1. Give me a comma-separated list of calculated 3J(HN,Hα) values for the range 111-119, in order, Karplus coefficients 6.51, -1.76, 1.60 applied at θ = phi - 60°, integers in Hz, x for any Gly or Pro.
2. Could you give me the ³J(HN,Hα) list for the range 60-70, computed from phi with Karplus coefficients 6.51, -1.76, 1.60 and θ = phi - 60°, whole Hz, x at Gly and Pro?
3. Report, in debye and to the nearest 20, how large the dipole of the range 6-160 comes out about its Cα centre when Lys and Arg carry +1 and Asp and Glu carry -1 on their Cβ.
4. Report ³J(HN,Hα) in whole Hz for each residue of the range 259-271, in order, from the Karplus equation J = 6.51 cos²θ - 1.76 cosθ + 1.60 where θ = phi - 60°; Gly and Pro get x.
5. Could you give me the percent of Cα pairs per 10 Å distance bin for the range 6-160, shortest bin first, beginning at zero and ending with the bin that holds the maximum distance?
6. Against the globular-protein guess of 2.2 N^0.38 Å, express the Cα radius of gyration of the range 305-353 as a ratio, rounded to two decimals.
7. Applying a 10 Å radius around every beta-carbon, put 64-75, 42-53 in order of their mean neighbour count, most first.
8. Would you be so kind as to identify which of Val55, Ala44, Ile65 lies farthest towards the positive end of the dipole of the range 26-85, taking Lys and Arg as +1 and Asp and Glu as -1 on Cβ and the Cα centre as origin?
Amino acid sequence: MQSYAIPQDPSDPYLRKWIKPDDNPIAIPDYTMNGSAFRDPTTAWFSKDGHWRTVVGSLRKHRGIAYIYRSRDFKRWVKAKHPVHSKESTGMWEGPDLFPVSLPDFGNGLDLDYVGPNIKHVLKVSLDITRFDYYTLGKYDRKKDRYVPDGDSPDGWDGLRFDYGNFYASKTFFYYKKSRRILWGWANESDTPNDDEKKGWAGRQRKLRGFTFKSLELCNIKGCNVSGSVGPFGLIKLATPDLEEYTPVFFRVFKDTSTHKPKVHMCSDARPSSLNQDKGPLPKDRMYKPSFAGFVDGRISLRSLIDHSIVESFGALGKTVITSRVYPVKAVQENAHLYVFNNGTQTVNVESLNARSIESPLHMNDGAL
């Protein structure tokens, strides 16, 4: 079920205390739905027909589903007759997100209720089976409340991704002041359950990102130490001087046999990131240290944000993003180093390299911002 809350003190600029009214819940699954598979409503938007709308994630057998719920007063919500979209064999759809984008200017964000020519809609879903986010680009019919992906926009597990790393349950918001759509997501813990319990917390929300539009097997097999012609080359981060621990983020350039054109492969490999040994006989008891990969087109650039347990890498001016959780034992504080490397046979020129430290974010504890 879904409930609502109102601020206890509307004059508080930070809205720190909330009240749950007695007329909750306001939206419930009907008799055709699994009550445990009913979650994560999107930001509601107001349509010209006088209805508020929101999208809720669900599941029927193995089919992932997104339902539209409507309301005239924001307090009583009714499910639309048909799902807005669904896909077989994708499991539970969590955190759905449906929003418009401008075709003439992808960098110009649009609010949810925008109606006009030359727009497409993005439907993002978080697949509980894979723990990754996927999205499609398509058309949303406002009269029928149906979404249809474009024919060349792969759906389900083959869908596009905002981030090719450890990034889940993302949500976009419209920033009115600058007319931008902002993306925010979650980097869940990859540490062992025992270490999670000792820390007392698990998971982090990642840096806010502006949203615009403008392969793992290769990364797993070759890594950063297997030499090629052009690459691997890139940065070694959170490294000890003797490279006992290090997290490489790197590129490989190879020829696409189907097009005979060069392709750039971007990898982030957490496997050598920590000396902490895997513990426990079961996978769920061990540290998760995967490698992630995505393709990069055009200019080869890399921007990285690094703290003690997260490495965010933005390739091709942010068009390809990989987030990785790492837990070094020795490469911490002043013992963490950054290196540029090239293990390919061809020379690679670095046009510029800028590195700087940024201050810690302000805390929200005890109401302070």
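Just so you know, all these numbers are worked out from the coordinates, no wet-lab data involved. This one's a predicted model, so the numbers in the text were calculated from it and none came from an experiment. Note that each Cβ is placed from the backbone with ideal geometry, even for glycine, and that neighbours are counted across all protein chains shown.
1. My calculation for the range 111-119 gives 6, 5, 8, 5, 10, x, x, 6, 10 Hz in order.
2. For the range 60-70, the Karplus-derived couplings read 9, 6, 10, 8, x, 9, 10, 9, 8, 10, 10 Hz, x marking Gly and Pro.
3. 560
4. 10, 6, 10, x, 10, 10, 10, 10, 10, 10, 10, 8, 4
5. So the P(r) values, bin by bin, are 10, 36, 34, 17, 3.
6. Normalised Cα radius of gyration, the range 305-353: 1.40.
7. For the peptides 64-75, 42-53, the packing ranking is 64-75, 42-53.
8. Ranked along the dipole, the leading option is Ile65.
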